[in-house]
Amino acid sequence: MVKFYECTKPMIIDWISQEYIPHLTASFTDPQKRVSIGYLFAAFIIAIIWITVAKKQTFRRGFVLGLKKMIGLSIIWSKSSRADYKLLLINKALLILLSPFLVARLTVATAIFFYLKEIFPYGSGIFADSPIWIASVTYTVFLFLFDDFSRFAVHLGLHKIPILWAFHKTHHSAETLTPFTVFRAHPVESVIFSLRGTIVQSVAVSLFIFVFGTSIELLTIYGTSILLFAFNATGANLRHSHVPISYGKIEKFFMSPAQHQLHHSSAKQHHDKNFGVALSIWDNWAKTLHFSHGEMGLSFGVKSELYQNNHSLFSLYLRPFQEVIKYPKINSETKPREENVVFKKII
């Protein structure tokens, strides 16, 4: 065993230095990632301004309250938050190791493109004479809407399909919310969302190359879709926080941080609400929209003896499999479940 370790040690060190650490640091430096340092800083500034203005505090008091709500020790070093950090470190390694076995986006996009050419032989390049800016604007808006809807649909499925809910509970077991709670996901859920991203990107790219007959480029800022950049820069990280910023009447169209916090609430009246990410129009259509209201005094987590205040790696990684094996019709004691009418409507 010792000899095996000595033989593989250089390979492990190379993998950590050349693969793992670059991928890990990219989560905080890549503008395409939600927890990029710039977005975290923007969220902190927005939180301070909101607390100062909405709560009618002095700037100094608003700054102190902002620090307490965003990086207070009871929040960032709670047992729940420490579990978030562990999942970030472990899942990053697991997904790197799994990535060679996942379908490549180029492969899927190529297959879709040739399928479109086969069933619509005269449709290829029908908008080839359109100005480049029209193609770019249309593609940017379409990709943002398609991506946001797909996130809503998958998120809805994670709640409404019992087997998937067993894995999604890992995310909802968070009892304190920080921007790093976005990493609190079971690897099964992470793979599902990775496949979702592959499908969305592949469909969008192949469809637009097919109809415009040329390569398509996004409207970008720092290499990131201008719409995704706007979403991340305007407080996306406050979704997982204890700063309940409400958008008022426009919550019918845009998902506010307070609305996503309602989604994480352990209160029965908030269960299965607000599945959207950037837009709430999908929830409005699916009758799952819930508006926020003032200081809500929410508590978070899953109401189950198995998950309450249990943030062990065993519970977060293995209990979902245990539930699936032991309970084919997964017991929904953790929250009331309505008839899956909404999901049936989606599919």
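The values are calculated or read from the model by the stated rules, or taken from the named source; none is laboratory data. None of these values were measured; they are calculated from a predicted model. Positions of Cβ are generated from backbone atoms using ideal geometry, with glycine treated the same way; all protein chains shown enter the neighbour counts.
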Of the residues in region 232-248, those that are buried (at least 20 other Cβ atoms within 10 Å of the Cβ) and hydrophobic (A, V, I, L, M, F, W, C) come to Ala236, Leu238, Val243, Ile245
Sort out which residues of region 66-83 are of a type in the set (A, V, I, L, M, F, W, C), in contact with a helix residue (DSSP H, G or I) (Cβ under 9 Å, 6 or more places away or on another chain) and under 11 Å from Thr178 (Cα atoms), and write them in order of number. Met70, Ile71, Ile75, Ile76
Which one of these is modelled with pLDDT of 90 or more and in contact with a strand residue (DSSP E or B) (Cβ under 9 Å, 6 or more places away or on another chain): Ser80, Ser74, Ser27? Ser80
Name the one entry in Glu295, Glu251, Glu305 that is over 22 Å from Met70 (Cα atoms) and either at pLDDT below 95 or of a type in the set (Lys, Arg) (or both). Glu305
Where Phe41 falls short, out of the listed (1) modelled with pLDDT under 95; (2) of a type outside the set (S, T, N, Q); (3) under 25 Å from His240 (Cα atoms): (1)
Checking Asp14 against (1) modelled with pLDDT of 90 or more; (2) surrounded by fewer than 16 Cβ atoms within 10 Å (Cβ to Cβ), the condition it does not meet: (1)
1 or more residues of a type in the set (Lys, Arg): qualifying helices (runs of 4 or more DSSP H) within region 31-79: 59-71
Is there any pair linking a residue in region 107-134 that is in a loop (DSSP other than H, G, I, E, B) to one that is modelled with pLDDT of 80 or more, with Cβ under 6 Å and at least six apart or on different chains, and which? Ser124/Lys117; Ser124/Phe210; Gly125/Gly213; Ile126/Val211; Phe127/Val211; Phe127/Phe212; Ala128/Gly213
Whether any residue in region 112-135 is of a type in the set (A, V, I, L, M), within 20 Å of Leu219 (Cα to Cα), touching a helix residue (DSSP H, G or I) at 6+ places or on another chain (Cβ under 8 Å) and surrounded by fewer than 16 Cβ atoms within 10 Å (Cβ to Cβ) is what I want to check. yes
Going by the structure shown, is Phe167 within 18 Å of Phe275 (Cβ to Cβ), touching a Leu at 6+ places or on another chain (Cβ under 9 Å) and not small (Gly, Ala, Ser)? yes
Which of the residues spanning region 260-301 are buried (at least 17 other Cβ atoms within 10 Å of the Cβ) and among the aliphatic types (A, V, I, L, M)? Leu262, Val277, Ala278, Leu279, Ile281, Ala286, Leu289, Leu298
All but one of (1) outside any helix (DSSP H, G or I); (2) surrounded by fewer than 18 Cβ atoms within 10 Å (Cβ to Cβ) hold for Ala185; which doesn't? (2)
Restricting to region 205-234, name every residue that is within 19 Å of Ser136 (Cα to Cα), in a helix (DSSP H, G or I) and either of a type in the set (S, T, N, Q) or at pLDDT 95 or above (or both). Ser206, Ile226, Leu227, Leu228, Phe229, Ala230, Phe231
Among (1) in contact (Cβ under 8 Å) with a residue 60 or more places away in the chain; (2) touching a Phe, Trp or Tyr at 6+ places or on another chain (Cβ under 7 Å); (3) farther than 20 Å from Asn91 by Cα, there is one condition Ile48 misses while meeting the rest; what is its number? (1)
